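Shown next, in structure tokens, is the structure this report addresses.
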Amino acid sequence: MLGVHGRGYFDYYRQRLKIYYPDKLAKAASEILKEACLSDEGYPKELAFDLFRKLTRIDDYEKFIDLLSDLENDFYIELVGEKVRFKSKVLRDWWRVVLWLMS
């Protein structure tokens, strides 16, 4: 997974946040993904909204839902009830490894 081929493939998912999402939203998305990857059951949407508000200083639930929809359409996450979960277990596990390597 961390070999040359796998790393290039998965790094693209991390880099595209900075490329395709505006600065504040990229930071919020990155933090939401960071929290979501740490939970097998998913990260509560309510806590994700708290992160969104803190990092973007935007208190607009619709903009938050738009961000989650973008992340879902870009195959990062899926919404399961009131939880935010990675769409792919492999991508989630890779995200965990990256967090571990960066710490």
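Tallying residues that are assigned to a helix (DSSP H, G or I) and either over 18 Å from F49 (Cβ atoms) or among the hydroxyl-bearing types (S, T, Y) (or both) within region 61-102 yields 17.
Hey, any hits in region 49-65 for a residue that's at pLDDT 90 or above, exposed (fewer than 14 other Cβ atoms within 10 Å of the Cβ) and polar (S, T, N, Q)? Scanning region 49-65 turns up no residue that is at pLDDT 90 or above, exposed (fewer than 14 other Cβ atoms within 10 Å of the Cβ) and polar (S, T, N, Q). If only residues of region 16-48 that are assigned to a helix (DSSP H, G or I) and of a type in the set (S, T, Y) are counted, the one that is surrounded by the fewest Cβ atoms within 10 Å (Cβ to Cβ) is Y20. If the condition is being out of contact with any helix residue (DSSP H, G or I) (no Cβ under 6 Å at 6 or more places or on another chain) and under 13 Å from I77 (Cβ atoms), then region 45-60 contributes only K45. Within region 90-97, not a single residue is modelled with pLDDT of 95 or more and in contact with a helix residue (DSSP H, G or I) (Cβ under 9 Å, 6 or more places away or on another chain).
The values are calculated or read from the model by the stated rules, or taken from the named source; none is laboratory data. What you see is a predicted model; the values in this text were computed from it and never measured. All Cβ positions, even for glycine, are placed from backbone atoms using ideal geometry, and neighbour counts span all protein chains on display.
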